[in-house]
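Working notes, beginning with the structure itself.
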Amino acid sequence: MVLVAPEVTRAHVERELSEVSAWAQARRWGPQWDSEALRLALTLTSAVDGEVYRLQVAFNDYRARPPLFEFLHPETNEVGTRRCYPKGGRGYFHPQPVVCAPWNRKAYGALGGPHSEWVMDGWASQRPNHTRLGDMLVLLQELVDDRDSYAGRMAR
C-alpha cells in the first residue's frame, strides 16, 4: 500500500537535498540521487581515521514514514553487516547493526529493528531536531567525526 505518491516523495527529498548541498560538497559525500527508485547513495569519510562508509537511503512513503538508512561495505558491496557499520556514535550505531534513531525505518521492531515500542506514524515528532534529511545526514557525518565516541568500523 502506497502512503505517499512517488512524485510527492521525490519533491520532498529533492528540496531537502538542496538544503544540504553546500555541506555535501564540503564533506565530499558525492550524493547520487535515483529519483525513479527514490534512493540516495553517498559516502561518509571519518575525519578521525579516514575510514569510508557507503550509505544508502530509501525513501518510499517519505514523510509519512521515515527513510530507511543502510550501510554498504565500500569494497565488497555487502549490505547491512557489522563490517559495513561504524562503531560507537553515542548509541546511534547499534550493534545489531542498525542506525538506532526514530528517523530510521530499519530501527523499528516492525522491520526487525531493536525498538518494538516505537510507533512509526509519529516518527518526526520524536526527535524534532532531526526531521529533515540534511539534519540526519549531518548528524551521521558528525558521529563518524567524533573523536570521543567513534571507534572505527564495527567489524573487519
To the nearest 20 debye, region 50-140 has a Cα-centred charge dipole, built from +1 on Lys and Arg Cβ and -1 on Asp and Glu Cβ, of 120 debye
Comparing GLN25, GLN141, GLN96 in a Gaussian network model of the chain (Cα, 10 Å), the one with the largest mean-square fluctuation is GLN25
Per-residue accessible area, 1.4 Å probe, largest first, puts GLU14, GLU19, GLU51 in the order GLU19, GLU14, GLU51
Sparse-neighbourhood loop hits (GluC sites (Glu not before Pro), region 75-123; DSSP loop; Cβ within 10 Å at most 10 others) -> GLU75, GLU117
With x for Gly and Pro, the residue-by-residue ³J(HN,Hα) of region 109-123, computed from phi through the Karplus equation 6.51 cos²θ - 1.76 cosθ + 1.60 at θ = phi - 60° and given in whole Hz, is x, 4, 10, x, x, x, 10, 6, 7, 7, 10, 5, 4, x, 3
Heavy-atom accessible area per residue of region 36-156, all protein chains kept, 1.4 Å probe, expressed in Å², is 43 Å²
Here the gain from full extension of GLU51 to GLN126, 0.36 nm per residue of separation minus their alpha-carbon distance, amounts to 24.0 nm
Computed about the Cα centre, the charge dipole of the chain from +1 Lys/Arg and -1 Asp/Glu charges at the Cβ has a magnitude in debye, to the nearest 20, of 260 debye
For region 58-156, the Debye formula with one identical point scatterer on each Cα and no solvent gives log10 I(q)/I(0) at q = 0.10 Å⁻¹ as -0.25
With -39,500 (n - 2.57) per DSSP H segment of 4 or more residues and division by the full residue count of the chain, the 222 nm estimate, nearest 500 deg cm²/dmol, is -7000 deg cm²/dmol
Residue span GLU78 to VAL8: 0.36 nm per residue of separation minus Cα-Cα distance leaves a gain in nm of 22.1 nm
Measuring from its Cα centre, region 87-156 shows a charge dipole (+1 at each Lys and Arg Cβ, -1 at each Asp and Glu Cβ) which, in debye to the nearest 20, is 260 debye
Listed residues ASN104, ASN129, ASN60; largest mean-square fluctuation, Gaussian network over the chain with Cα springs below 10 Å, found at ASN129
Expressed as a percent, the accessible surface of the chain that is carbon or sulfur, using a 1.4 Å probe and the full set of protein chains, is 49 percent
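The values are calculated or read from the model by the stated rules, or taken from the named source; none is laboratory data. Everything numeric here is computed off the predicted structure, so don't read it as measured data. No Cβ is skipped: glycine too gets one built from the backbone with ideal geometry, and neighbour counts run over all protein chains shown. The accessibility values were calculated without ligands, DNA or RNA, using every heavy atom of the protein model including side chains. Shrake-Rupley method; radii C 1.70, N 1.55, O 1.52, S 1.80 Å.
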